[in-house]
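Notes follow the structure.
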Amino acid sequence: LFLAANGNYFIGTFDGKSFAKESGPFRGDYGANSYATQSYSDIPKSDGRRIQITWMNGGKYPEMPFNQQMSFPCEMTLRTLPEGLRLCRWPVREIESLYEKDASVNERALASGESAAADIKGDTLDIEAEFEVTGDAEFGLKVRGEEIRYSTKEATVTCLSKVAPLKPVDKRVRLRALVDRTSLEVYGNNGAISMTSCVLPKLSEQSVEAFSQSGVVKLVSLRVHSLRSAWPKAK
C-alpha cells in the first residue's frame with residue numbers, strides 16, 4: 001500500500017526497494033478536513049493492527065485556547081468489496097473504554113417524514129445505526145443538528161456538503177458517527193468509506209435521531225453511547 005498525505009492510496013507490492021502499483025489511486029477519506037495521515041509502526045506483533053491517525057487540517061476554533069486537532073485513531077485493513085480490494089478505516093476498539101451512558105432503538109419502520117430519537121443527549125458520542133432498504137429512499141441520522149443522509153437512488157452518503165459513494169450490502173446500510181466537540185467523523189459499512197470533518201455545532205444541539213426524508217426504510221438498530229473524556233482526571 002502506498003499512501004499519500006491526503007489519504008489517497010495505491011495498492012501494490014513493495015520489495016524493500018521499489019513499489020509496484022497494482023491498482024489505484026483510490027480515495028482514502030471523503031470528509032472536509034483529513035490530511036497528514038500517519039500510522040504507527042511499533043504495534044506489538046501479538047496485536048498486529050495498523051493504526052492510523054490524521055491531522056484535521058483547516059479546522060477553525062474561535063475563542064478557543066487551542067488550535068487544530070487530530071482525528072479518532074482508526075484501524076486500517078484491506079478488504080475485498082464489491083468494487084475490488086480496498087483500504088478500510090474503522091475506529092479502534094479502545095474507544096469503547098470511554099463509553100458511559102448508552103441507549104438504543106430497535107426494529108422501527110420509518111415512513112417519509114418520520115424519525116426515531118435515541119433517549120440520550122451529549123456533545124461527545126459514538127453512534128451506530130443499521131438500516132434495511134427495499135426501494136428508493138433518503139434517510140439517515142441527525143446528530144447535534146447535522147444530517148448524515150443516505151440516498152438509495154444515488155448510493156451516496158452526504159454530510160456537511162461532502163459526498164461519499166456507498167452501496168448497500170444485502171439491502172442494508174450501516175452508518176457510524178463519532179462526535180467530538182469540534183468534529184464529526186462518519187464511517188459506512190464497517191469502514192468501506194470514512195468522512196472526517198470539523199464542525200462547530202450549537203451547544204444547545206445535543207440530540208440524536210434516525211429519520212426518513214423520503215420513502216420507507218426500516219431502522220434495524222440505533223445504538224448511542226456517550227463518551228467520557230480521554231484525559232485522565234487530576235488527582
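If you roll a 1.4 Å probe over the chain with all protein chains in place, what percent of the accessible area is carbon or sulfur?
Heavy-atom surface of the chain belonging to carbon and sulfur, 1.4 Å probe: 49 percent.
Ranked from highest to lowest mean number of other Cβ atoms within 10 Å per residue, what is the order of the peptides 37-47, 161-171?
161-171, 37-47
Take the alpha carbon gyration tensor of segment 52-103, find the square roots of its eigenvalues, order them as a ≥ b ≥ c, and report rounded if a/c is under 1.5; if not, report prolate when a/b exceeds b/c, else oblate.
Because a/c hits 1.5 or more and a/b fails to exceed b/c, segment 52-103 counts as oblate.
With a 1.4 Å probe and all protein chains left in place, how much accessible area per residue does segment 193-235 have, in Å²?
Dividing the accessible area of segment 193-235 by its residue count gives 57 Å².
Of the cross-linked pairs K45/K233; K162/K218; K171/K218; K60/K167; K142/K218, which ones have a Cα-Cα span greater than 22 Å in the structure shown? Write down the numbers at each step before the final one.
On the way: K45/K233 31 Å; K162/K218 25 Å; K171/K218 11 Å; K60/K167 32 Å; K142/K218 16 Å.
Beyond 22 Å: K45/K233; K162/K218; K60/K167.
Go through segment 60-70 residue by residue and turn each phi into a ³J(HN,Hα) via Karplus (6.51, -1.76, 1.60, θ = phi - 60°); whole Hz please, and just put x for glycine and proline.
Going residue by residue, I get 10, 10, x, 6, 9, x, 9, 9, 6, 7, 10 Hz, with x marking Gly and Pro.
List the GluC sites (Glu not before Pro) within segment 20-93 that fall in a DSSP loop (any state other than H, G, I, E or B) and whose Cβ has at most 10 other Cβ atoms within 10 Å.
E63, E83
Take every Cα pair under 8 Å in segment 1-144 that's 6+ residues apart, average their separations, divide by the length, and report that relative contact order as a whole percent.
12 percent
What does the charge count near E83 come to, summing +1 for each Lys or Arg and -1 for each Asp or Glu among other residues with Cβ under 15 Å from its Cβ?
Details: positive: R27, R79, R86, K167; negative: E22.
Here the count lands on +3.
Please compute the modelled spin-label separation between N57 and N106, points set 7 Å along Cα→Cβ, answer in nm with one decimal.
Placing both labels 7 Å beyond Cα along the Cβ direction yields 4.4 nm.
Is there a quick way to get the dipole size of the chain? I mean about its Cα centre, with the Cβ of Lys and Arg at +1 and of Asp and Glu at -1; what is the value in debye to the nearest 20?
Rounded to the nearest 20 debye, it is 400 debye.
Can you give the accessible area of C74, probe radius 1.4 Å, in Å² rounded to 10?
Probe radius 1.4 Å; accessible area of C74 about 0 Å².
Counting Lys and Arg as +1 and Asp and Glu as -1, what is the net charge of the other residues whose Cβ lies under 14 Å from the Cβ of Y9?
Cβ neighbours under 14 Å give a net charge of +4.
As I understand it, the dipole of the chain uses +1 on the Cβ of Lys and Arg and -1 on the Cβ of Asp and Glu, about the Cα centre. Which of Q38, Q69, C198 lies farthest toward its positive end?
Selected residue: Q38.
Heavy atoms of the protein only, probe of 1.4 Å, neighbouring chains included. What is the accessible area of V216 in Å², nearest 10?
Roughly 90 Å² of V216 is accessible to a 1.4 Å probe.
Whole number in Å², please: accessible area per residue of segment 8-60, 1.4 Å probe, ligands, DNA and RNA not counted.
Roughly 63 Å² per residue, with all protein chains present.
With +1 on each Lys and Arg Cβ and -1 on each Asp and Glu Cβ, how big is the dipole of segment 128-214 about its Cα centre, in debye rounded to the nearest 20?
Value, rounded to 20: 140 debye.
Among rounded, prolate and oblate, which fits segment 1-114 when a ≥ b ≥ c are the square roots of the eigenvalues of its C-alpha gyration tensor, a/c under 1.5 means rounded, and a/b larger than b/c means prolate?
Taking the square roots of the gyration eigenvalues as a ≥ b ≥ c, segment 1-114 is prolate.
Which whole-number percentage describes the relative contact order of segment 37-85, with Cα contacts under 8 Å and a sequence gap of 6 or more? Write down the numbers at each step before the final one.
Working: 58 pairs, mean separation 15.5, N = 49.
The normalised contact order for segment 37-85 reaches 32 percent.
Between Rg and the Kirkwood Rh of segment 124-235, both from Cα atoms, what is the Rg to Rh ratio?
Rounded to two decimals, Rg over Rh is 1.00.
The values are calculated or read from the model by the stated rules, or taken from the named source; none is laboratory data. Here the structure is a predicted model, which means the values were calculated and not measured. FYI the Cβ positions are ideal-geometry reconstructions off the backbone, even for glycines, and counts take in every protein chain you see. We work out accessible area using only protein heavy atoms, side chains counted, and drop any ligands, DNA or RNA first. Shrake-Rupley method; radii C 1.70, N 1.55, O 1.52, S 1.80 Å.
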